[in-house]
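Notes to accompany the following structure.
The values are calculated or read from the model by the stated rules, or taken from the named source; none is laboratory data. If you're wondering where the values come from, they're calculated on a predicted model, not measured in any experiment. So basically every Cβ, Gly included, is an ideal-geometry build from the backbone, and we count neighbours across all protein chains shown.
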Amino acid sequence: MDLVPCSIRGIFVAVFPAGASPVIVLDVDAETSLLLYIGLLEAVSINTALNNEISPRPMTHDLFCEFLNRYHVTLRSLYIDTLLDGVYYANLVLSRDGQEEIMDCRPSDGIAIAIRCKSDIFLERKVAELSGLHRTDLPPLTGLQAYLQG
């Protein structure tokens, strides 16, 4: 596997004539970004984590992270390694007592958890090359907060 690190630029909403969709923008390098279209609940969860907001009751991703902590499992990283029929696939890399486990997950859930656990996020280089967009080719994007308040 040839993994490249990426960073989260933010959660946005892409507005098209047919409707709007929440999207995570991952920056691969100074010129290339990857768009992951996700559900609204996942977008809100990721946005909450990016803004270091704490809900009065744990959300699902918070609960998962608390479970990991309580049972001494470390999230080492998340990697998005496959794009198949328009669907991205990801894996959590977990470790406990020196043993590593790989767990399949949706990229949006993995990102929500990785942010909370302060873990690195990687893309398989081929996925980045095949589906990455030059920053000048990104569709018009509105910040999630602005869209929800507007």
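If I ask for residues that are of a type outside the set (Gly, Ala, Ser) and either at pLDDT below 95 or outside any helix (DSSP H, G or I) (or both), which ones from the range 63-83 would you list? Listed by number, the residues that qualify are TYR71, HIS72, VAL73, THR74, LEU75, ARG76, LEU78, TYR79, ILE80, ASP81, THR82, LEU83. The residues of the range 93-108 that are in contact with an Asp or Glu (Cβ under 8 Å, 6 or more places away or on another chain) and surrounded by 20 or more Cβ atoms within 10 Å (Cβ to Cβ) amount to a single one, SER108. Apart from one condition, GLY86 fits all of (1) within 17 Å of the chain's Cα centre (by Cα); (2) surrounded by 14 or more Cβ atoms within 10 Å (Cβ to Cβ); (3) not acidic (Asp, Glu); the exception is (2). For the range 11-20, the tally of residues that are surrounded by fewer than 16 Cβ atoms within 10 Å (Cβ to Cβ), among the small types (Gly, Ala, Ser) and under 20 Å from GLN149 (Cα atoms) stands at 2.
Considering the range 88-114 alone, what residues qualify as being touching a helix residue (DSSP H, G or I) at 6+ places or on another chain (Cβ under 7 Å) and either assigned to a strand (DSSP E or B) or within 18 Å of ARG70 (Cα to Cα) (or both)? The answer is TYR88, ALA90, LEU92, ILE113. Checked against the criterion of being more than 19 Å from LEU148 (Cα to Cα), charged (D, E, K, R) and touching a strand residue (DSSP E or B) at 6+ places or on another chain (Cβ under 8 Å), the candidates GLU31, GLU66 yield just one match: GLU31. Per the conditions (1) hydroxyl-bearing (Ser, Thr, Tyr); (2) in a strand (DSSP E or B); (3) out of contact with any strand residue (DSSP E or B) (no Cβ under 7 Å at 6 or more places or on another chain), the sole criterion not satisfied by THR136 is (2).
Determine which member of the set GLU124, GLU100 is of a type in the set (D, E, K, R) and either at pLDDT below 95 or within 18 Å of the chain's Cα centre (by Cα) (or both). The conditions single out GLU124. What number of residues within the range 25-39 satisfy the criterion of being under 12 Å from the mean Cα position of the chain (by Cα), closer than 14 Å to ARG135 by Cα and of a type outside the set (D, E, K, R)? Total meeting the criteria: 4. Filtered by the rule that a residue be among the small types (Gly, Ala, Ser) and either without any contact (Cβ under 8 Å) to a residue 24 or more places away in the chain or farther than 24 Å from LEU40 by Cβ (or both), the range 64-118 gives SER77, GLY86, ALA90, SER95, GLY98.
When the residues of the range 21-34 are narrowed to those that are in contact with a Phe, Trp or Tyr (Cβ under 9 Å, 6 or more places away or on another chain) and modelled with pLDDT of 95 or more, which ends up surrounded by the most Cβ atoms within 10 Å (Cβ to Cβ)? Once the filter is applied, the top-ranked residue is ILE24.
With the condition kept exactly as written, say whether any residue in the range 37-54 is in a helix (DSSP H, G or I), of a type in the set (A, V, I, L, M, F, W, C) and exposed (fewer than 15 other Cβ atoms within 10 Å of the Cβ). Yes, the range 37-54 contains a residue that is in a helix (DSSP H, G or I), of a type in the set (A, V, I, L, M, F, W, C) and exposed (fewer than 15 other Cβ atoms within 10 Å of the Cβ).
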